[in-house]
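For reference, the structure is listed below as structure tokens.
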Amino acid sequence: MDNRKKKIFSWALYDWANSTYSTTVMAGFFPVFFKMYWSQGVDPTVTTARLGTAISISSLVIAMLSPTLGVISDLKGFKKLFCLAFMMIGVVACGWMTFIPAGDWWSAILAYGIAMMAFNASCVFYESLLPYVAEPKEMDFVSSLGYSLGYLGGGVLFLVNVLMHLNPHWFGLKDGTQAVQISFMTVAVWWFVFSMPLARNVPEPSVEISSENIWKLTNRSIVKLQATFKVLMFKERNLLIFMMAYWLYIDGVYTVMTMAVDYGMSIGLGSKDLIAALLITQFIGFPCAYFFGTVTKRFGTKAPILCCIVVYGITVVAAMWMSQAWHFYLLAVIIGMVQGGVQSLSRSMFGKMAPKHQSGEYFGLFNLVGRFASILGPLIVAFTVTITGNSRLGMIGLLVLFVVGGGLLAMVKEPENQH
């Protein structure tokens, strides 16, 4: 493998590494364990509200930090360093979940919030490396390669974790509860080990490193961000419209990802059925995410994203009538087909539109948009189920996000394959 391909694969492998958090922890075991172990006996609407609130607070923290840290990473040449530092915080938080006792819902939600914040922060700086790893004409493919590896890696470990939960004696464990606890530790180890290729083989982008201390850099980053916002408002309107569209439609995507299992449990579906559906999503997502990276040569980047948004809109409406396990399986198949596509192509489209030398700053803003979206979506679900007492009505409010977000995206001028 030549050095360039090695660098691309090592970069993409970080998706393989960190996606185990989003599958085993975020979408899989944590919502189930939070209800049945850390919040045993608590009303389901209360646990849903707690989970939605925790996700929103974690998203707010990283939303406030990521743009400033993005500027600092540009000025100091700290993109890879920040990625790996936040990776370590996430690894420690996931490991902590293994040792939190039953009933201690406060510690559980704190560990989850820290891990989620670190996961998202590390992704800011990981994604800001994309323009340095791939040429603009390659970004769709390389970004999709990362997501496809993420689905496969996340799916492989999640499958092992599910087998541990269903058959703990195969692994020398006493019961399913201990299996779930050990699963959190396997995520921590997997995330750390498979981050090492990025640490070793992806160089820190060379920049003219600033000699200013951290406080001066923070003040300078705030001034620079203000200037960038003015540029977006008056000179880069096309990019601004894309960011507004992304803010809305990715809100719905993230909310479906983080609340789907909780939603299914709240309407009476069994945890085993829900976890099996998540596995279906992962293994269907692997080839489909890769496929989306190949079709852009013919259809461009925007059209496939719009198709994914339409499918999401139909899905949240159909979710209102779910009553049997096979309904959830069907929706898992559909989501698996489009989830990786909407994420990977949004990332590569933004990477082609943003200035390369300011990738840390711009991907910080990109994450800021996504994080503020993640504040709104879970709160919509939490507020709706609390007021109405009907979990089925929570997801339908996301439809407006897909409709308006898709409409704004349709107005965006397609970026060229070259800067």
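The values are calculated or read from the model by the stated rules, or taken from the named source; none is laboratory data. These numbers were taken from a predicted model, which means no experiment stands behind them. Every residue, glycine as well, gets a Cβ built from its backbone with ideal geometry; the counts of neighbours run over all protein chains shown. Note: accessible area is taken over every heavy atom of the protein model, side chains too, but ligands, DNA and RNA are not part of it. Shrake-Rupley method; radii C 1.70, N 1.55, O 1.52, S 1.80 Å.
Pairs meeting the criteria (first residue in the stretch 290-318 and in contact (Cβ under 8 Å) with a residue 12 or more places away in the chain, second residue assigned to a helix (DSSP H, G or I) and open to solvent by 40 Å² or more (accessible area, probe 1.4 Å), beta carbons under 6 Å, at least 6 apart or on different chains) are Gly293/Phe141; Gly313/Leu399; Thr315/Ile334; Val316/Leu399.
Taking into account only those residues within the stretch 183-201 that are of a type outside the set (Ser, Thr, Tyr), surrounded by 18 or more Cβ atoms within 10 Å (Cβ to Cβ) and in contact with a Ser or Thr (Cβ under 9 Å, 6 or more places away or on another chain), which is farthest from Ala118 (Cα to Cα)? I'd like the intermediate steps shown before the answer.
Residues of the stretch 183-201 that are of a type outside the set (Ser, Thr, Tyr), as a first pass: 184-185, 187-194, 196-201.
Subset that is surrounded by 18 or more Cβ atoms within 10 Å (Cβ to Cβ): 184, 187-188, 190-192, 194, 197-198.
Still in the running and in contact with a Ser or Thr (Cβ under 9 Å, 6 or more places away or on another chain): 184, 187-188, 190-191, 194, 197-198.
Values: Phe184: 15, Val187: 14, Ala188: 12, Trp190: 15, Trp191: 12, Phe194: 16, Pro197: 19, Leu198: 17 Å.
Among those that are of a type outside the set (Ser, Thr, Tyr), surrounded by 18 or more Cβ atoms within 10 Å (Cβ to Cβ) and in contact with a Ser or Thr (Cβ under 9 Å, 6 or more places away or on another chain), it is Pro197.
If the condition is being of a type in the set (S, T, N, Q) and either free of Cβ contacts under 8 Å to residues at least 24 places away in the same chain or farther than 30 Å from Ala276 by Cβ (or both), then the stretch 119-134 contributes only Ser128.
Listed by first and then second residue, the pairs with beta-carbon distance under 6 Å, at least 6 apart or on different chains, first residue in the stretch 135-162 and over 12 Å from Thr23 (Cα atoms), second open to solvent by 10 Å² or more (accessible area, probe 1.4 Å) and among the aromatic types (Phe, Trp, Tyr), are Ser144/Tyr290; Ser144/Phe292; Ser148/Phe286; Ser148/Tyr290; Leu149/Trp16. Only residues that are in a helix (DSSP H, G or I) and closer than 19 Å to Gly351 by Cβ were counted across the stretch 277-308, and they come to 15.
To keep it simple, each residue is scored yes or no on (1) modelled with pLDDT of 90 or more; (2) open to solvent by 60 Å² or more (accessible area, probe 1.4 Å); (3) in contact with a Ser or Thr (Cβ under 7 Å, 6 or more places away or on another chain).
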{"site": "Leu145", "(1), (2), (3)": "yes, no, no"}
{"site": "Gly154", "(1), (2), (3)": "yes, no, yes"}
{"site": "Phe158", "(1), (2), (3)": "yes, no, yes"}
{"site": "His169", "(1), (2), (3)": "yes, yes, no"}
{"site": "Gly172", "(1), (2), (3)": "yes, yes, no"}
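Conditions tested, residue by residue: (1) polar (S, T, N, Q); (2) at pLDDT 85 or above; (3) open to solvent by 20 Å² or more (accessible area, probe 1.4 Å).
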position	(1), (2), (3)
Gly268	no, no, yes
Leu274	no, no, no
Thr294	yes, yes, yes
Thr301	yes, yes, no
Pro304	no, yes, no
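Looking only at the stretch 127-143, residues that are within 23 Å of Gly336 (Cα to Cα) and open to solvent by less than 50 Å² (accessible area, probe 1.4 Å) come to 5 in all.
Examine the stretch 24-38 for a residue that is under 23 Å from Trp247 (Cα atoms) and part of a helix (DSSP H, G or I), and state whether such a residue exists.
Here is the first cut: in the stretch 24-38, the residues under 23 Å from Trp247 (Cα atoms) are 26-27.
From what is left, the residues that are part of a helix (DSSP H, G or I) are 26-27.
The answer is yes, given that some residue of the stretch 24-38 is under 23 Å from Trp247 (Cα atoms) and part of a helix (DSSP H, G or I).
Count of the stretch 249-266 residues, restricted to those that are at pLDDT 85 or above and either surrounded by fewer than 24 Cβ atoms within 10 Å (Cβ to Cβ) or among the β-branched types (Val, Ile, Thr) (or both), is 2.
The set of residues in the stretch 41-63 being in a helix (DSSP H, G or I) and without any contact (Cβ under 8 Å) to a residue 24 or more places away in the chain consists of Val46 alone. Tell me, which residue of the stretch 276-290 that is of a type in the set (Val, Ile, Thr) and open to solvent by 30 Å² or more (accessible area, probe 1.4 Å) is modelled with the lowest pLDDT? Per the stated criteria, the residue is Ile280.
When you look at Gly336, is it under 23 Å from Gly153 (Cα atoms) and modelled with pLDDT of 80 or more, yes or no? Here the answer is yes, as Gly336 does meet what is asked. Please work out if Thr48 is touching a Gly at 6+ places or on another chain (Cβ under 6 Å), buried (at least 24 other Cβ atoms within 10 Å of the Cβ) and under 30 Å from Asp175 (Cβ atoms). Considered against the rule, which asks whether it is touching a Gly at 6+ places or on another chain (Cβ under 6 Å), buried (at least 24 other Cβ atoms within 10 Å of the Cβ) and under 30 Å from Asp175 (Cβ atoms), Thr48 comes out as no. Annotation: Met1 fulfils all but one of (1) more than 17 Å from the chain's Cα centre (by Cα); (2) at pLDDT 90 or above; the unmet one is (2).
Residue-wise test of (1) under 30 Å from Pro131 (Cα atoms); (2) at pLDDT below 70; (3) surrounded by 15 or more Cβ atoms within 10 Å (Cβ to Cβ).
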residue: Gly370; (1), (2), (3): yes, yes, yes
residue: Ile375; (1), (2), (3): yes, yes, yes
residue: Val381; (1), (2), (3): no, yes, yes
residue: Gly389; (1), (2), (3): no, no, no
residue: Arg392; (1), (2), (3): no, yes, yes
residue: Ala410; (1), (2), (3): yes, no, no
residue: Pro415; (1), (2), (3): yes, no, yes
residue: His419; (1), (2), (3): yes, yes, no
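The listed residues are Met337, Met320, and the only one of them that is in a helix (DSSP H, G or I) and either in contact with a Cys (Cβ under 6 Å, 6 or more places away or on another chain) or crowded, with 23+ Cβ neighbours inside 10 Å (or both) turns out to be Met337.
Taking the stretch 77-102 as the range and being open to solvent by 50 Å² or more (accessible area, probe 1.4 Å) and part of a loop (DSSP other than H, G, I, E, B) as the test, the residues that pass are Phe78, Phe99, Pro101, Ala102. Taking the conditions (1) over 30 Å from Ala134 (Cα atoms); (2) at pLDDT 80 or above in turn, Gly41 satisfies each one other than (2). For the stretch 323-334, the tally of residues that are touching a residue at least 12 places away in the same chain (Cβ under 8 Å) and either among the hydrophobic types (A, V, I, L, M, F, W, C) or surrounded by 17 or more Cβ atoms within 10 Å (Cβ to Cβ) (or both) stands at 6.
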